[in-house]
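Here's the structure, in structure tokens; my notes come after.
Laboratory data are not the source of any read-out in this text; all were calculated from the coordinates shown. Small disclaimer: the values here were computed from a predicted structure and weren't measured. Every residue, glycine as well, gets a Cβ built from its backbone with ideal geometry; the counts of neighbours run over all protein chains shown.
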Amino acid sequence: MGLNTRKEKTAVDKFLDGVKDEQMRLDCIAVQKLMEELTGEPAAMWGKVTVGFGSFHYRGKTSEGDWFPVGFAPRKQGLVLYLHCILEEQTALLEKLGDHKIGKSCLYLNKLEDVHPPTLKKLIRKAYKDPKIAGAITVAAAKA
């Protein structure tokens with residue numbers, strides 16, 4: 001993903017139907033339902049392979065744009081959840097989460113069943129309510 005990734009009109013359901021690995025597809029559908037429930041936002045494609053919920057406007061030193069506070073993408077290595085709450089600062093929650101790896105805003109899961117659902121919900125809510133990107137400021141919440 002990068003500055004050229006934008007919200008697309010592509011149908012999320014069509015994209016998820018194309019996920020070949022059955023367990024990954026089921027995990028993606030479960031995450032979609034969970035994120036829709038917690039955010040109240042409909043799922044939208046951001047680029048060709050990322051599903052996002054809502055949007056906010058950010059400004060960094062070298063870039064500015066609209067982005068989604070929470071989202072996910074199926075990858076060969078596993079399910080990636082994009083939680084824009086500066087994950088490395090969420091140590092108390094991450095310790096309770098279960099089997100995972102993190103990047104700045106990426107939570108890498110092998111399977112959804114590997115994590116503690118109430119803790120995952122807290123992380124999703126936190127990222128949605130107060131989105132942050134490392135090295136940038138949140139200018140304003142944008143319309144979904």
Gained length - THR138 relative to ASP114, 0.36 nm times residue gap less alpha-carbon distance | 5.5 nm
Select from THR91, THR39, THR50 the residue whose mean-square fluctuation is largest in a Gaussian network model of the chain (Cα-Cα springs shorter than 10 Å).
-> THR91
Set of lysines near LYS129 by C-alpha distance (under 27 Å), chain-local residues within fewer than 8 positions excluded | LYS7, LYS9, LYS33, LYS48, LYS61, LYS96, LYS101, LYS104, LYS111, LYS121, LYS143
For LYS9 and GLN77, FRET efficiency with R0 = 35 Å and r from the beta-carbon atoms, rounded to 0.05?
-> 0.80
Stretch gain in nm, segment VAL49-GLU64, where the contour uses 0.36 nm per residue and the Cα spacing is subtracted | 3.3 nm
Considering only GLY40, GLY18, GLY71, give the residue with the highest GNM mean-square fluctuation for the chain, with springs between Cα atoms whenever their separation is below 10 Å.
-> GLY18
